[in-house]
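Structure first, commentary second.
Where a number appears in this text, it was derived from the coordinates with a stated rule and is not lab data. Everything quoted here is computed from the prediction, not taken from an experiment. Here the Cβ positions follow ideal geometry from the backbone for every residue, glycine too, while neighbour counts run over all protein chains shown.
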Amino acid sequence: MPDRPEATTRSGPGRLLVAVYALFALAAGARAGVQIGTKFSEAPAAYVLSAVAAVVYVLATVALALGGRTSRRVAVAACSVELLGVLVVGTLSLADASAFPDATVWSGFGRGYGYVPLVLPVIGLVWLWRTSRTDGRAEALTGEGAGSA
Amino acid sequence: MTNALATVIIVVSLLAAAYSLWSAWRNRAMGVPHLVALGVLEVLLVTQAVVGFVKLSGHEGPTSSATFVGYLLAILLIPPAGAGWGLLERSRYGPGVIVVACLAVAIMIVRMQQIWQGTHA
């Protein structure tokens, strides 16, 4: 696909979004790695959740960085799961602290990370929505679209 | 981890963030000065990793050393990744990426100090 137009989810402000997502993929991944590698038996549920969060961040980072149709769907799914995760885990961690003896990135609505985990999926979804409109226009103009995944 | 080195890293990363923010403000793409700043930052971080491992092997440091080692190694990835990702973008958002990377380094150093001093779970 040499002459496909620059994927808009990763250019311009999207460049910053991918950078922040990559940071959170690194943070959540490292955290999950340390938790599972050194003290998994202490709080298996919380640590599995950490790993799930890490996978979601990695998926969102890669999908936003690649752009294209399939990636866009993966990115929407990842951002949605992330938003749902931070809301559910945030609420549960405040309502029943004993169920979350050790912190994940989503505990307390991402309090330990300046609430960025709460804001990030919303920005991601808004960005995907905005670029989908310009992408659609570009595809209609260049006759691209069908078959380019 | 030494306080002097940590302070130097924080100051350098904040200066690099401020310079990159100024570049983005003036609508400039990434250039050689940004790369030099990130290079200096990376050298400082490698120095910190070496000092950190030497101190850990001498039984100094925090009880949760796995977390600390995680930070010590993960932070090394940020300046090169920021440089690569920022260079791909030939607009003001290139230096914007460097702002994010440098602020992340500064925040991580503060967390590492907290872990080292045992004031952070």
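When each of the peptides A:60-72, A:22-34, A:76-88 is scored by how many other beta carbons lie within 10 Å of its residues on average, the order from highest to lowest is A:22-34, A:60-72, A:76-88. Relative to the longest principal axis of the Cα atoms of chain B, the long axis of helix B:3-25 lies at roughly 20 degrees. With the highest mean first, a sort of the peptides B:10-18, B:29-37, A:38-46 on other beta-carbon atoms found within 10 angstrom per residue produces B:10-18, B:29-37, A:38-46. For the protein assembly as shown, a crude dipole built from +1 on the beta carbon of Lys and Arg and -1 on the beta carbon of Asp and Glu, taken about the Cα centre, is about 540 debye to the nearest 20. Which log10 I(q)/I(0) values, to two decimals, does region A:36-131 give at q = 0.12, 0.20, 0.21 Å⁻¹ under the Debye formula with one point per Cα? Cα-only, vacuum Debye calculation for region A:36-131: -0.40, -0.93, -0.99.
If you model region B:3-117 as an ellipsoid using its alpha carbon gyration tensor, with each semi-axis the square root of five times an eigenvalue, the axes come out at 29, 12, 11 Å, biggest first. Rg and Dmax of the protein assembly as shown, based on Cα coordinates, read 19.8, 65 Å. When peptides B:92-98, A:92-98 are sorted by average Cβ neighbour count within 10 Å, with the highest value leading, the order is B:92-98, A:92-98. Placing unit charges on the Cβ atoms only, positive for Lys and Arg and negative for Asp and Glu, gives region A:13-135 a dipole magnitude near 500 debye about its Cα centre.
Inter-chain Cβ neighbour count for B:106-118, averaged per residue, equals 1 (cutoff 10 Å, partner chain atoms only). Dipole of chain B computed with +1 at Lys/Arg Cβ and -1 at Asp/Glu Cβ about the Cα centre; of B:69, B:79, B:98, farthest Cα towards the positive end is B:98. Other protein chain C-beta atoms within 10 Å of residue C-beta, averaged over A:14-21: 6. Full extension of the segment from residue B:40 to residue B:63, taken as 0.36 nm per residue of separation minus the current Cα-Cα distance, would add 5.3 nm.
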